[in-house]
1. Collect the residues in segment 109-138 that are of a type in the set (Ser, Thr, Tyr) and more than 19 Å from the chain's Cα centre (by Cα), keeping them in residue-number order.
2. Cβ-Cβ distance below 6 Å, separation of 6 or more or different chains: which pairs start in segment 206-227 with a residue that is over 19 Å from Arg239 (Cβ atoms) and end on one that is among the acidic types (Asp, Glu)?
3. Consider Arg176 carefully, then state whether it is of a type in the set (Lys, Arg), within 27 Å of Ser116 (Cβ to Cβ) and surrounded by fewer than 20 Cβ atoms within 10 Å (Cβ to Cβ).
4. Take the residues in segment 71-114 that are β-branched (Val, Ile, Thr) and under 21 Å from Gln16 (Cα atoms); name whichever of them is surrounded by the fewest Cβ atoms within 10 Å (Cβ to Cβ).
5. Given the condition among the hydroxyl-bearing types (Ser, Thr, Tyr) and over 19 Å from Ala186 (Cβ atoms), answer yes or no: does some residue in segment 136-155 qualify?
6. Wholly within segment 1-54, which helices (runs of 4 or more DSSP H) include no fewer than the required count, namely at least 1 residues that are more than 9 Å from the ligand (Cβ to nearest atom), free of Cβ contacts under 8 Å to residues at least 60 places away in the same chain and not polar (S, T, N, Q)?
7. Condition first: surrounded by fewer than 17 Cβ atoms within 10 Å (Cβ to Cβ) and within 22 Å of the chain's Cα centre (by Cα). Now tell me which residues in segment 202-225 satisfy that.
Amino acid sequence: MAASNAGEVRASFAGQAAAFEDVTRHFGRKDVAEWMAANTPVDVDDIVLEVAAGTALFGRAIAPLVRAVIAIDITPEMLSEGKRVADASGRSNLLFQIGDATRLPFLDASFDAVISRLAVHHFDDPDAALSEMVRVCRPGGTVTVIDMVVVDESNADRFNDLERRRDQAHTRALTRTGLRDAVERAGLHVTHTSSWENVLDGERWMEQTSTSADDAAVIRAAWDEELSGGAATGMAPRRRDGHIEFVHIWDLIGAQRLMPR
Ligand SMILES: C[S@@+](CC[C@H](N)C(=O)[O-])C[C@H]1O[C@@H](n2cnc3c(N)ncnc32)[C@H](O)[C@@H]1O
């Protein structure tokens, strides 16, 4: 069965493809690409699968280091934009394919490494998607997952409510320990972790998903309340030059599919 939120996901990301390739945004920043590549163990002969790849910004950071990257995603517009940019850059070891993370169209143990960024919080069944990533990774291969996390568990519901108001394709960002637990529950051995802090402009972030005026007003009010000493949103809002900025923490969990004993 396809992901039950597939309709919301496609509707949301069909209109966001250009934003992921917008060089003034954080998604494709050079320092982010360097951080991802430095924390993703791969070899020159590896065949790598990127799951819920979008425009394959993670895959394109890794592509120069490996034999090939296959980028799979449920939203054709995201893949087309990634392919356009990859082709224009002359990068020829990437292949873009439509497909659902919870039903990967590959045989068991097909890949040396599996990677995924900013996708777990869109899955309606993260365990199903993670177990698919493990299934298609060969024993001894690696799985590297990056996602936004909630650092203080007590803010998780408020954080996720605001995120869903901004984007209906958001299901739930896990807590820091929740993401690691999910990776371990999938049967993986965690080898390393790393973290990246993104500071985002609040209005630009909402424009990207065409947040409704009503929901944008609720989100702004929540930030204002926190800035006046009220309840925390989990987004650490701050004022700068008349704008509200806030923080997304991305955790990277590096893991290995252990060899059978
Ligand atoms: C926030 S974007 C991240 C894109 C890319 N991974 C990145 O980090 O730049 C989330 C992506 O997950 C994809 N996605 C969500 N659920 C999916 C599913 N069940 N199967 C495949 N792709 C999915 C969306 O289409 C979208 O491209």
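Every number here is computed from the coordinates shown, using simple stated rules; none is lab data. All figures in this text were calculated on a predicted structure; none of them were measured in a lab. Using ideal geometry, Cβ is built from the backbone for each residue, glycine included, and neighbour counts are taken over all protein chains shown.
1. Residues of segment 109-138 of a type in the set (Ser, Thr, Tyr): 110, 116, 131.
Passing the criteria: only Ser110.
2. Within 6 Å, the pairs are Thr209/Asp167.
3. Numbers: of a type in the set (Lys, Arg): yes; within 27 Å of Ser116 (Cβ to Cβ): yes; surrounded by fewer than 20 Cβ atoms within 10 Å (Cβ to Cβ): yes.
So Arg176 fits the description; yes.
4. From segment 71-114, those β-branched (Val, Ile, Thr) are 72, 74-75, 85, 98, 102, 114; that's our starting set.
Still in the running and under 21 Å from Gln16 (Cα atoms): 72, 74-75, 85, 98.
Numbers: Ile72: 24, Ile74: 23, Thr75: 24, Val85: 17, Ile98: 11.
For segment 71-114, the residue satisfying everything is Ile98.
5. To start, the set of residues in segment 136-155 that are among the hydroxyl-bearing types (Ser, Thr, Tyr) comprises 142, 144, 154.
Next, only the ones that are over 19 Å from Ala186 (Cβ atoms) stay: 154.
Taking every residue of segment 136-155 in turn, at least one turns out to be among the hydroxyl-bearing types (Ser, Thr, Tyr) and over 19 Å from Ala186 (Cβ atoms).
6. Working: elements: 6-14, 17-20, 30-38.
Answer list for segment 1-54: 6-14, 30-38.
7. First, the residues of segment 202-225 that are surrounded by fewer than 17 Cβ atoms within 10 Å (Cβ to Cβ): 203-204, 207, 210, 212-214, 217-218, 220-221, 224-225.
Matches in segment 202-225: Glu203, Arg204, Glu207, Ser210.
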